[in-house]
Each structure stands twice: as C-alpha cells, then as structure tokens.
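The values are calculated or read from the model by the stated rules, or taken from the named source; none is laboratory data. Keep in mind that what you see is a predicted model, and the values were worked out from it rather than measured. Here the Cβ positions follow ideal geometry from the backbone for every residue, glycine too, while neighbour counts run over all protein chains shown.
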Amino acid sequence: MSQRNAGTATEVDVKIGGNVRSIRIARRLKMEALAKPLDISWQQVQKYETGETRLSVWALQQLSILLRVPETAFFAGLEDPATGQVIPEYDLKDSSENFNLDLLEPETVELLGKLAKQVAAKGSKE
C-alpha cells in the first residue's frame, strides 16, 4: 500500500478521482452540478477528480447517490487487496444514460443533496 505524504496524491487517490471524473462526464454533468448539492465549490470537485484532495467516505457515498452508481464504481481498476484481482469497470449502460442534474430545477437539485445527506446520516447510525 502506498504511503501518502502531505500534499502528495497517491496512485489510489488519482485513480478514484479519475473514476469520479469519468462517471461525471459520462453522465454529462458539469463540476458545478455535483458541487452544489454537496455544498462545496467546483474547485473542490476538481481537486477530488485529480486526486489532489482525498475523498472522504462521506463524499464517496454522496457522489454515489448523486451519480447513481455503487460506491465500488469509484474503485474500478484498482486491485482488491482481499482477492488480488482488479476491480472491474462499472457498466454505466446499466443505468440511465441521460441522467443530468443540469436539467433539473435548482430546488430539485438542492432537495437531492439534502436527501443524499439524510440517507448517509441514517446509514451511519445503523
């Protein structure tokens, strides 16, 4: 497992961020469309996508809900430490190809963000 030096992205951080970016682009979303419901800036989304900033479990869970993919989709291409096998790519064709937060009313996007936070909070209590 690679060590993380302060201010240095690991290969894992870069791969996970790149997967977030690939999924976002496949969903035809702008960075701002993810940033607003997460209550972060588009610059922060960019830092996540480049691996400059490590994604927290909370952020991964929120992104999973917003992008409608399982959390494992973000780990595609990485080696599973338990099995030694590479985690396969997530097939985005299994879900709506036309999903686009930009087409929703701002109030709806805000409600989706609140819902994602509530789901995460409920899941962490169980």
- Task: Give the residues of the range 34-84 that are within 11 Å of residue 16 (Cα to Cα) and in contact with a strand residue (DSSP E or B) (Cβ under 8 Å, 6 or more places away or on another chain), sorted by residue number.
- Result: 77, 78
- Message: Whether any residue in the range 4-13 is among the hydrophobic types (A, V, I, L, M, F, W, C), out of contact with any strand residue (DSSP E or B) (no Cβ under 8 Å at 6 or more places or on another chain) and modelled with pLDDT of 90 or more is what I want to check.
- Response: yes
- Message: Of the conditions (1) in contact (Cβ under 8 Å) with a residue 40 or more places away in the chain; (2) β-branched (Val, Ile, Thr); (3) part of a loop (DSSP other than H, G, I, E, B), residue 40 satisfies every one except a single condition; which number is it?
- Response: (1)
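The rows are residues; the columns are (1) in contact (Cβ under 8 Å) with a residue 60 or more places away in the chain; (2) touching a helix residue (DSSP H, G or I) at 6+ places or on another chain (Cβ under 8 Å); (3) in a strand (DSSP E or B).
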residue: 12; (1), (2), (3): yes, no, no
residue: 16; (1), (2), (3): yes, yes, no
residue: 24; (1), (2), (3): no, yes, no
residue: 34; (1), (2), (3): yes, yes, no
residue: 44; (1), (2), (3): no, yes, no
residue: 59; (1), (2), (3): no, yes, no
residue: 62; (1), (2), (3): no, yes, no
residue: 65; (1), (2), (3): no, yes, no
residue: 88; (1), (2), (3): no, no, no
- Quick one: how many residues across the range 46-57 are in contact (Cβ under 8 Å) with a residue 40 or more places away in the chain and among the small types (Gly, Ala, Ser)? 1
- Query: Could you list, in sequence order, the residues of the range 56-81 that are over 25 Å from residue 106 (Cα atoms) and crowded, with 17+ Cβ neighbours inside 10 Å?
  - Reply: 73, 74, 75, 76
- Please go through the range 8-29 and pick out each residue that is surrounded by 15 or more Cβ atoms within 10 Å (Cβ to Cβ) and of a type in the set (D, E, K, R). 13, 15, 21, 24, 27
- Item | Filter pass, residue 101 being touching a Leu at 6+ places or on another chain (Cβ under 7 Å) and at pLDDT below 90 | yes
